[in-house]
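**Q** What follows is a single structure, and I will ask about it in a moment.
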Amino acid sequence: MKKILLNPIKNIFGSIRLPGSKSIANRILIIASQAIGKTKIYNIPINRDFFSMLISLRKLGVFCKLKKKKKYCEILGNNGVFRKKNISINTDNSGTTMRFLSSSLSVDCKNITITGKKQILSRPIGDLVRSLLQGGAKIKYLRKNKYPPIIVNGGLKGGLIKVNCTISSQFLSGILMIAPQLKKDTKILVEGSICSKSYIDMTLSIMQQFGVQVENRSYKVFFIKGNQKYISKGRYFIESDVVSASYFAVAALYSGRKMVVKGIGKKTIQGEIKFFYLLKKMGANLKIKKSRIICRKSFLNFSRNINAINIPDSSMTLLISSILFNQNIKIKGLYSWNFKETNRILVFKKELRKIGVNSKVSKNCIKIIKIEEKNKKFITIDTHGDHRIAMCFSLLCCKGYLIELLNSSCVDKSFPDFYKFFLHLSNF
């Protein structure tokens, strides 16, 4: 198990262009691989989630190639749905790959096993499978009911499908992306509330850029015409990742001088940009320009009660930033945290105790009730193999902590060069 020691830093400043969003990248990979034509994808995120999808698509017979020392990825579309038989797809530790392929392979593939590593096999998929079965898919669980691995045998045709998205909006995104290619028109009824609604907007935006329209009736009903084709526009430049930017922005607001994050701006399709507008409301000295975000040292006056249902990943950064600024906070809308790489609500409660922060938690909420920082400035944080836990708790070195992060390499999932970027911009 790898670990890293992060020294206390005085401030953080500079100018950076971060890798592309893995959320955008994996949606493009799925759609481009089934589209008409060739797609060149630039600013690709070189991380485990991206490679999990790429390797899976290659096993399905899709031409996917990294070009010019991984500067861009070239995809030759299949001109339709996947048609494979008698293979096993290992999605590694990628929930995105598991969920999206479960939908995409349920149309015309036979005897396909979809599995992954231990961590991914503990993440429930029952709501997605139930929805796919309604559309005609033939799916069986191989071990535990409602959990991977599964075996798919085609059959998905469309029609009326009910989707529960309280655990993950990716259940809905996966069905939305395959629906245009089904034999029947598809009507999707959303049961309950959608967590991470902003990621549905991202999915719809990318589908539109490949020539497919979806009728969205207030996020309660979606109607998609069948027998459509995705058509590649040729080139696609992926925006820098907004959630990755959140770590550097908060570090600069607390301890830094001027920080410029390039490749993200007002016109982003990433809903997590709402995090930056929330910071502005709380007094952050930051400007959101057309293609960059500029941050300067600020004092934040935190709202006491925040609903973070549409910023599920950057809400973790929000929680840590409240610790940096010594302010109590209550964040709700966190039900999906229970089903991530770890149970993030319980992990935060446990690890924050190590620096004297007490919290009250429920299935949907975490409330910081007391901050009594300990004199001890050396702390060991167990990341529990969760990339976002690792990156969030790294920010505590801005507060003077010497931090030992256990299983620090878990950042490979989304941002392998995180520590390199962080240390490069830091002043000790």
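**Q** Distance between the C-alpha centers of the range 217-240 and the range 102-175? Whole Å please.
**A** Spelled out, the Cα-based centre of one part sits 20 Å from the other.
**Q** Determine the dipole magnitude for the chain: charges of +1 sit on the beta-carbon of Lys and Arg, -1 on that of Asp and Glu, nothing else is charged, the reference point is the Cα centre, and the result goes in debye to the nearest 20.
**A** 400
**Q** State the dimensionless ratio Rg/Rh of the range 22-233 (Rg: radius of gyration of Cα atoms; Rh: Kirkwood radius).
**A** 0.93
**Q** Please turn the phi angles of the range 421-428 into ³J(HN,Hα) values with the Karplus equation 6.51 cos²θ - 1.76 cosθ + 1.60 (θ = phi - 60°), one per residue in order, whole Hz, x for glycine and proline.
**A** Computed from phi, the couplings for the range 421-428 are 4, 4, 6, 5, 8, 8, 10, 8 Hz.
**Q** Okay, next question. Compute the length gained on full extension between residue 285 and residue 233: take 0.36 nm times their separation in residues and subtract their Cα-Cα distance, giving the result in nm to one decimal.
**A** 14.9 nm
**Q** Further question: Put a dot 7 Å past each Cα toward the Cβ at residue 358 and residue 65; how far apart are the dots in nm?
**A** The answer from the label model is 6.2 nm.
**Q** With unit charges on the beta carbon (Lys/Arg positive, Asp/Glu negative), name the residue among 5, 37, 277 whose Cα is farthest towards the positive pole of the charge dipole of the chain.
**A** 37
**Q** Something else now. Assign unit charges at the C-beta atoms only (+1 for Lys and Arg, -1 for Asp and Glu), then state the dipole size of the range 349-428 relative to its Cα centre in Debye, rounded to the nearest 20.
**A** Result for the range 349-428 is approximately 480 debye, rounded to the nearest 20.
**Q** Where does each of 74, 351 land when they are ranked from fewest to most other beta-carbon atoms within 10 angstrom?
**A** Going from least to most buried by this count: 74, 351.
**Q** Among 206, 101, 125, which residue has its Cα furthest toward the positive end of the charge dipole of the range 22-233, with +1 on Lys/Arg Cβ and -1 on Asp/Glu Cβ?
**A** In the range 22-233, that residue is 101.
**Q** Please list, in order along the range 160-165, the HN-Hα scalar couplings obtained from phi with the Karplus expression 6.51 cos²θ - 1.76 cosθ + 1.60 (θ = phi - 60°), rounded to whole Hz, x for Gly and Pro.
**A** Calculated HN-Hα couplings, in order: 7, 10, 9, 10, 9, 10 Hz.
**Q** Quick one: of 297/399; 22/332; 266/330; 138/184; 71/290; 220/274, which pairs are farther than 19 Å apart, Cα to Cα?
**A** 22/332; 266/330; 71/290; 220/274
**Q** To continue, here is another question. Straight-line reach from residue 262: which aspartates and glutamates fall under 12 Å, measuring Cα to Cα and dropping same-chain residues less than 8 apart?
**A** Output for residue 262: 239, 241.
**Q** Hey, for a label at residue 157 modelled as a point 7 Å past Cα toward Cβ, could you say which residues of the range 181-197 have their backbone N under 16 Å away?
**A** The answer is 181-187, whose backbone nitrogens lie closer than 16 Å to the label point.
**Q** Treat the chain as a sphere of radius equal to its Kirkwood radius over Cα pairs and apply Stokes-Einstein at 4 °C in a medium of 1.567 mPa s; give the translational diffusion coefficient in µm²/s, rounded to a whole number.
**A** 59
**Q** Efficiency by 1/(1 + (r/R0)^6): what FRET value for residue 40 and residue 183, r their Cβ-Cβ distance, R0 = 25 Å, to the nearest 0.05?
**A** 0.20
**Q** With charges only on Cβ, +1 for K and R and -1 for D and E, what is the dipole size of the range 68-144 about its Cα centre, in debye, rounded to 20? List each step's numbers first, then the result.
**A** Values: 17 positive and 4 negative charges, 61 e Å.
Charge dipole, the range 68-144, about its Cα centre: 300 debye, nearest 20.
**Q** What percent do you get for the relative contact order of the chain when only Cα pairs under 8 Å and 6+ apart count?
**A** Working: 1031 pairs, mean separation 80.6, N = 428.
19 percent.
Every read-out reported here was derived from the displayed coordinates using simple, explicitly stated rules and does not represent laboratory data. From a predicted model like this one, the values you see are computed outputs, not experimental measurements. Methodologically, a virtual Cβ is constructed for each residue, glycine included, from the backbone with ideal geometry; neighbour enumeration extends over all protein chains shown.
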